[in-house]
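What follows draws every value from the coordinates through simple rules; no lab data is involved. Being a predicted model, the structure only gives us computed values, none of them experimental. For neighbour counting, all protein chains shown are included, and Cβ atoms are generated from backbone atoms with ideal geometry for every residue, glycine included.
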There are 2 protein chains.
Amino acid sequence: MLIRAFVPAHITAFFVPRFNEEPLLAGSLGAGINLSKGTNVFISLEEGLERHIHIAFNGEPVKKEDAVISYSVAYDILPKDFEGELEIWQYFDFPNGHGFGNSAGGALGTALSLGFALKEKTFLQAAQIAHKYEVLHKGGLGDVIAQVHGGIEVRIKPGAPGIGVVDNIFFEGYKVLAVPMGRLSTKEVLDSDVIRLIEKEGEKAINALLSNPKVEVLMKEARAFSERTGLLSGELLEIARELDKALKLPSSMVMLGKSLFALLREEEIEKVKSIMDELSIDDYHICEVYTQRPSVERWVEGER
Amino acid sequence: MLIRAFVPAHITAFFVPRFNEEPLLAGSLGAGINLSKGTNVFISLEEGLERHIHIAFNGEPVKKEDAVISYSVAYDILPKDFEGELEIWQYFDFPNGHGFGNSAGGALGTALSLGFALKEKTFLQAAQIAHKYEVLHKGGLGDVIAQVHGGIEVRIKPGAPGIGVVDNIFFEGYKVLAVPMGRLSTKEVLDSDVIRLIEKEGEKAINALLSNPKVEVLMKEARAFSERTGLLSGELLEIARELDKALKLPSSMVMLGKSLFALLREEEIEKVKSIMDELSIDDYHICEVYTQRPSVERWVEGER
């Protein structure tokens with residue numbers, strides 16, 4: 001049996017972490033954007049004599065310890081008495097560690113695929129398992145619940161799917177530019193003194209957005225947050241300023257990766273492409289906002 | 001400006017009403033199915049000298065008092081100082097009053113269209129306004145939040161979107177047969193003694209489904225609920241029994257309408273059509289489960 005799930009990449013624009021010893025209550029407040037590119041997960045499940053779980057990233061097998069979140073999700077959802085082979089193939093449109101929610105995408109895609117294959121858990125039960133291991137292994141705090149909702153999202157109550165609350169902002173006529181430029185350790189940032197600035201500026205940003213829920217406010221607050229916390233600086237800030245010359249709304253930094261994003265209007269696309277050319281940046285993506293729920297279905301090769 | 005929203009029809013399989021003086025806390029527990037047919041809402045918003053709100057059902061203008069829920073939603077969402085013409089055109093794939101969530105579909109479609117047009121409220125703020133007037137005017141308790149989530153849904157905590165919690169059941173390979181046969185007054189049923197049986201049987205059904213979340217359990221519990229409450233009886237029960245002869249899963253009654261529904265596998269469709277023919281029933285629908293969120297977009301005629 002071959003099952004396929006698609007989970008959108010998720011960019012965080014600004015956030016306030018909400019730690020909790022109970023992983024289902026841990027999460028984040030904040031806002032972000034789900035993209036039409038992201039993570040495709042294919043699982044193949046065959047009964048056999050022994051339990052084996054194999055995980056591959058972009059076609060390359062990875063060790064258990066390098067895919068501990070998805071491995072834990074699979075182990076948790078499989079029935080205790082399951083014996084056989086489970087292969088989990090995860091394909092990422094964005095590089096790992098750059099702030100696009102790949103680990104949550106892999107975890108949620110794995111959870112939903114197994115939920116669909118086995119039909120022994122509900123959607124929220126499966127999604128909560130993905131959230132739990134994301135939090136326990138510090139993959140992220142708010143990506144799973146954001147990806148479950150889609151769209152341009154505002155996390156207004158922290159927690160796992162079914163516990164936290166996610167709202168959406170209406171928007172029209174924008175595509176998303178995403179420029180992955182490098183890795184940033186979420187753990188290092190959250191363990192540093194910057195955390196206090198993040199909490200203060202994150203709360204200001206979310207209050208401003210909720211009192212005037214428009215994409216213009218989202219991008220203005222995102223940029224203010226990224227500069228005031230000192231996270232957007234140096235070369236990345238210079239590139240952001242170059243992009244701004246072509247855009248109506250300010251560009252900003254992806255939380256947390258050395259990556260930039262911006263909302264583009266149709267007439268801004270060509271100008272942005274020229275700027276990327278001038279800066280010799282060729283790894284950039286122009287996507288749609290993904291406004292639907294993650295998909296999961298039986299996969300029949302050749303049908304799509 | 002012309003905006004179009006689609007909201008799925010929503011069938012309730014079983015339920016437990018949860019009344020509350022605060023309409024955002026009122027709602028229902030239960031389970032149901034969102035359909036690929038439902039309510040299309042088109043709104044046209046033009047500035048002018050005076051505030052006018054016009055509502056039409058299936059192309060026919062209706063009086064304010066006959067569309068009080070959607071009228072209240074529109075009045076609430078329009079800015080206090082708005083002057084101009086708002087036309088709300090609602091088209092229903094199922095007849096009104098037959099249990100397919102038309103009033104919630106019209107209310108939510110109106111709320112989301114206006115939210116999209118004005119971009120002054122969030123998605124949840126708009127959806128909560130639809131829920132509020134549905135509850136206040138006794139259109140329904142759980143349709144709006146169920147329609148927001150899509151799929152085969154289980155309402156596990158009552159309330160408006162953002163307050164209540166809706167889960168989903170994984171399923172595969174089923175279409176939905178929907179047979180609208182007559183009106184049933186929700187108010188009369190809820191005001192009668194049947195309410196105690198509904199609460200008792202509804203709680204049993206939801207617990208059974210959550211302990212084994214499969215469509216097979218959903219349909220078995222739905223049928224048990226509808227018979228034990230006495231709501232499914234007489235001619236409707238006879239037709240349900242005829243349908244059962246062709247189906248793997250039991251058919252059941254739509255809560256609350258004189259209507260039947262069933263989950264169909266591909267190979268059961270022709271047999272079901274013959275039975276409908278034999279019974280001289282020609283108003284029936286075979287739809288997909290609608291697994292996405294309600295859609296809302298700018299409408300450009302001729303583009304789709």
Placing the label point 7 Å from Cα along the Cα-to-Cβ direction, what are the distances from A:GLU266 to the equivalent spots in the other copies, shortest first, in nm to one decimal? 3.8
Given contacts defined as C-alpha pairs under 8 Å and at least six residues apart, what's the relative contact order of the range B:68-188, whole-number percent? 26 percent
Which of A:MET276, A:LEU264, A:ALA208 sits farthest toward the positive end of the charge dipole of chain A, with +1 on the Cβ of Lys and Arg and -1 on the Cβ of Asp and Glu? A:ALA208
Formal net charge of residues neighbouring B:PHE170 (Cβ-Cβ distance under 13 Å; K, R +1; D, E -1): -1
Using a cut-off of under 19 Å, list every residue of the range B:172-201 whose amide N is near the label point 7 Å from the Cα of B:ASP283 along the Cα-to-beta-carbon line. B:177-186
Nearest residue to the symmetry axis between B and A, taken on chain B by its Cβ, in whole Å: B:GLN292, 3
One decimal, nm, nearest first: from B:ARG51 to the same residue in each other copy, label points 7 Å out along Cα→Cβ, the values are 6.2
On a C-alpha basis, how far is the centre of the range B:272-302 from the centre of the range A:104-139 in Å? Whole number, if you could? 32 Å
Using a 10 angstrom cutoff on alpha carbons, build the Gaussian network for chain B and name the most mobile of B:GLY182, B:GLY140, B:GLY48. B:GLY48
What's the extension gain from A:ASN207 to A:GLU120 if we count 0.36 nm per residue and subtract their Cα-Cα distance? 27.3 nm
Sequence-distant or interchain residues sharing an amide H contact under 5 Å with A:LEU260, placed H: which? A:VAL179, A:MET181, A:VAL254
Peptides B:37-44, A:83-90, A:263-270 ordered by average Cβ neighbours within 10 Å, highest first: B:37-44, A:83-90, A:263-270
What percent does the relative contact order of the range B:244-300 come to when contacts are Cα pairs within less than 8 Å and at least six residues apart? 21 percent
Label-point separation (nm) for B:ASP76 and B:LEU49, each offset 7 Å from Cα along Cα-to-Cβ? 3.2 nm
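With charges set only on the Cβ (+1 for Lys and Arg, -1 for Asp and Glu), what does the dipole of chain A come to about its Cα centre, in debye to the nearest 20?
On the way: 33 positive and 45 negative charges, 169 e Å.
For chain A, the charge dipole is close to 820 debye.
Taking the Cα centre of the range A:1-77 as origin and charging only Cβ (+1 Lys, Arg; -1 Asp, Glu), how large is the dipole, in debye to the nearest 20?
Working: 6 positive and 9 negative charges, 73 e Å.
My answer is approximately 340 debye.
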Rounded to 0.05, the calculated FRET efficiency for the beta carbons of B:ARG196 and B:LYS248 at R₀ = 51 Å is 0.95
Could you tell me the relative contact order of chain B? Use alpha-carbon pairs under 8 Å, at least six residues apart, and round to a whole percent. 25 percent
For a label point 7 Å from the Cα of B:LYS273 along Cα→C-beta, name the residues of the range B:165-205 whose backbone N is under 20 Å from it. B:173-180
What are the distances, in nm and sorted shortest first, from the label point of B:GLY234 to the label points of the same position in each other copy, with each label point placed 7 Å from Cα along the Cα-to-Cβ direction? 7.7
12 Å beta-carbon shell around A:ILE77, net charge (K/R +1, D/E -1): +2
Please state the shape class of the range B:1-117: rounded when a/c is under 1.5, otherwise prolate if a/b exceeds b/c and oblate if not, all from the C-alpha gyration tensor. prolate
With +1 at each Lys and Arg Cβ and -1 at each Asp and Glu Cβ, the charge dipole magnitude of the range B:110-166 around its Cα centre, to the nearest 20 debye, comes out at 120 debye
What are the ³J(HN,Hα) values, in whole Hz, obtained from phi via the Karplus relation 6.51 cos²θ - 1.76 cosθ + 1.60 with θ = phi - 60°, for each residue of the range A:172-184 in sequence order, with x given for Gly and Pro? 7, x, 10, 9, 10, 8, 10, 10, x, 10, x, 8, 9
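Kindly provide the helix-only [θ] at 222 nm of the protein assembly as shown, computed as the sum of -39,500 (n - 2.57) over DSSP H runs of four or more divided by all residues, to the nearest 500 deg cm²/dmol?
Estimated from H runs of four or more residues: -11000 deg cm²/dmol.
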Projecting each Cα onto the charge dipole of the range B:130-238 (Lys/Arg +1, Asp/Glu -1 at the beta carbon, about the Cα centre), which of B:ILE156, B:SER226, B:VAL194 comes out farthest on the positive side? B:ILE156
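At a Förster radius of 22 Å, what calculated FRET efficiency corresponds to the Cβ-Cβ distance of B:LYS157 and A:LYS157, to the nearest 0.05? Write down the numbers at each step before the final one.
On the way: r = 13 Å, r/R0 = 0.60.
For B:LYS157 and A:LYS157, the calculated efficiency is 0.95.
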